[in-house]
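The values are calculated or read from the model by the stated rules, or taken from the named source; none is laboratory data. Just so you know, these numbers come straight off a predicted model, no measurement behind them. Backbone-built Cβ (ideal geometry, glycine too); neighbour counts: all protein chains shown. Heads up: the accessible areas ignore ligands, DNA and RNA and are worked out on the full protein's heavy atoms, side chains in. Shrake-Rupley method; radii C 1.70, N 1.55, O 1.52, S 1.80 Å.
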Amino acid sequence: MEKAKRTVHILPIGFESNKLITSIRQYPVHKIILIMVEGDDKRPRVQEAVAKVKEAFKGIEIEERIVAREDIFQATLDILDVIEEQAKKGSNIKINIAGGMRNLGISSYIASLVSKVTLYTDIPESDSEKEYVLKGIMEIPLFPIKEISQEQMEILYQLDIKTNSLDTLISRLKPELEKGTQKFDNERSRLSHHIKKLKSAGFVETEKIDKMLSIRRSVLGEIYTKGTAISRLREEEHVDE
């Protein structure tokens, strides 16, 4: 008999614990990962919300993670790291934004968008003033991202945080080509065309250093490549089921 997948809920947490607790109970839950921005883990109101979640889910594995405070894109990468860890374990992943801070909600949405992980929130009863009452759950639809070509995706995957020249990139993509040959020069022209498109889309940054063109992924490129890698990993998991 096939072992059931563990459902892991990623919870950006702020001051609202009731919304999180009530909405998460609408799903199976095997693990909870609480996401806080730097410094909020020391704030009394956040600590109180964390304590209430832990009390409500006694016996459930709960982990705390800290992400960047001021930089929404860095916080997105931090959340993608969390998603990636769970995706590699084959977990069913959901992000609950019912009780998180605004910036964490934005980062969570971006992370969900690129990794295709389910993002959900609560729908409260509008006429309930004294006590929180859950009306329902909303799984937030994700706007489709226009995917770039397979060739451009491979270029993004080959770039890293180190300085990259076109020649270095050619040697990674097509190591069989010899520098100084016509085929090598043709490949340089082809890659230059793709790099311009990726730069126009905001996925790469270039810089002229001496006579060499340095190429690297931008922060948006980092988010996109990490997210699509996670999405592919999760699609492979579904194929194997």
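The table for this structure:
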{"read-out": "From the options 208, 199, residue that is at pLDDT below 90, open to solvent by 50 Å² or more (accessible area, probe 1.4 Å) and in contact with a strand residue (DSSP E or B) (Cβ under 9 Å, 6 or more places away or on another chain)", "value": "208"}
{"read-out": "Candidates 90, 105 - the one that is in a loop (DSSP other than H, G, I, E, B), in contact (Cβ under 8 Å) with a residue 24 or more places away in the chain and of a type outside the set (Lys, Arg)", "value": "90"}
{"read-out": "Filter result for the condition that a residue is assigned to a helix (DSSP H, G or I), over 30 Å from residue 108 (Cβ atoms) and touching a residue at least 12 places away in the same chain (Cβ under 8 Å), over 156, 169", "value": "169"}
{"read-out": "Residues that are open to solvent by 70 Å² or more (accessible area, probe 1.4 Å), over 18 Å from residue 104 (Cα atoms) and either part of a helix (DSSP H, G or I) or among the β-branched types (Val, Ile, Thr) (or both), drawn from segment 19-47", "value": "44"}
{"read-out": "Residue selected from segment 145-161 under the condition among the charged types (D, E, K, R) and farther than 16 Å from residue 193 by Cβ, by the criterion least open to solvent (accessible area, probe 1.4 Å)", "value": "160"}
{"read-out": "Criterion violated by residue 178 - all others in (1) among the acidic types (Asp, Glu); (2) in a helix (DSSP H, G or I); (3) surrounded by fewer than 16 Cβ atoms within 10 Å (Cβ to Cβ) satisfied", "value": "(2)"}
{"read-out": "Residue list for segment 26-49, filter: over 22 Å from residue 85 (Cα atoms) and either within 20 Å of the chain's Cα centre (by Cα) or touching a residue at least 24 places away in the same chain (Cβ under 8 Å) (or both)", "value": "26, 39, 40, 45, 46, 48, 49"}
{"read-out": "Residues that are open to solvent by 10 Å² or more (accessible area, probe 1.4 Å) and either without any contact (Cβ under 8 Å) to a residue 60 or more places away in the chain or touching a Gly at 6+ places or on another chain (Cβ under 7 Å) (or both), drawn from segment 1-16", "value": "1, 3, 4, 5, 16"}
{"read-out": "Tally, over segment 61-110, of residues that are under 17 Å from residue 226 (Cα atoms), over 14 Å from the mean Cα position of the chain (by Cα) and buried (at least 20 other Cβ atoms within 10 Å of the Cβ)", "value": "0"}
